[in-house]
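S.K.: Here's a structure for you.
The values are calculated or read from the model by the stated rules, or taken from the named source; none is laboratory data. Note that the structure is predicted; figures quoted are calculated from it, not measured. Here the Cβ is made from the backbone with ideal geometry for all residues, glycine too, and neighbour counts use every protein chain on show. Each accessible area value is taken on the protein alone, full model and side chains, heavy atoms only, with ligands, DNA and RNA left out. Shrake-Rupley method; radii C 1.70, N 1.55, O 1.52, S 1.80 Å.
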Amino acid sequence: MSEPYILRAGESVRPLGPSRLLVDGGTSGGRLTLYEGHLPVGGPPLHVHDFDEVILVVEGRIIVQLGDQRDELGSGDFAWLAAGHAHTFANPGPDPVHALGLAVPSGIEDLFAERGEYLGSLTADQQPDLGSMADIYARHASRVLGPPIDV
């Protein structure tokens, strides 16, 4: 059984790039991951997970793609990204988006960490390689299906 805890503003269970990791698999017994972050311009490739994910936009706006349908979400809007369904999202810019995310069960934090390491290794003029991204996603119960939304 996991122990209760409190995190103060800016604190994280463990480092996760620009995001705050509020609950991870270790603290939830593998049941869920809860994270908060500021999304830069752009977004991940079109993908599908073997787990459920949600996004709540706290501030700003994002474009969310569910299958072939795209919608713009703003502050207070919510997206249910059910397991097995293709999705992606993007911050069209120019300002960062503040969002809260949840994944059930946990594990998405490991995808985020590995993806962040890869993206951090690229130079400013390099674009992420879709094949490399696919390899990363495959190691974390996810599959890349196509490119990111062009913003």
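S.K.: How many nm is it between the label spots at Asp77 and Asp50, if each spot is 7 Å from the Cα in line with the beta carbon?
M.R.: It works out to 3.2 nm between the two label points.
S.K.: For the chain, with every protein chain kept in place, what is the accessible area per residue (1.4 Å probe, Å²)?
M.R.: I get 55 Å² per residue for this part.
S.K.: Right, something else. Mind checking the full-extension length gain between Leu7 and Leu119? Use 0.36 nm per residue of separation minus the Cα-Cα distance, one decimal, nm.
M.R.: Numbers: separation 112, 0.36 × 112 = 40.32 nm, distance 2.76 nm.
Difference between extended and current length: 37.6 nm.
S.K.: Going by alpha carbons, how many degrees (0 to 90, nearest 10) lie between the helix axis of 108-120 and the longest principal axis of the chain?
M.R.: So the helix axis and the longest Cα principal axis differ by about 50 degrees.
S.K.: Sticking with this structure for a sec: Can you give me the long-range amide H partners of Gly93? Hydrogens built in the peptide plane at 1.01 Å from N, cutoff under 5 Å, separation of 5 or more residues or another chain.
M.R.: Long-range HN contacts for Gly93: Gly42.
S.K.: Could you work out what % of the accessible surface of the chain is carbon and sulfur, using a 1.4 angstrom probe and leaving DNA, RNA and ligands out of the count? Write out the running numbers ahead of the final one.
M.R.: Numbers: 4610 of 8290 Å².
Here carbon and sulfur together make up 56 percent of the probe-accessible area.
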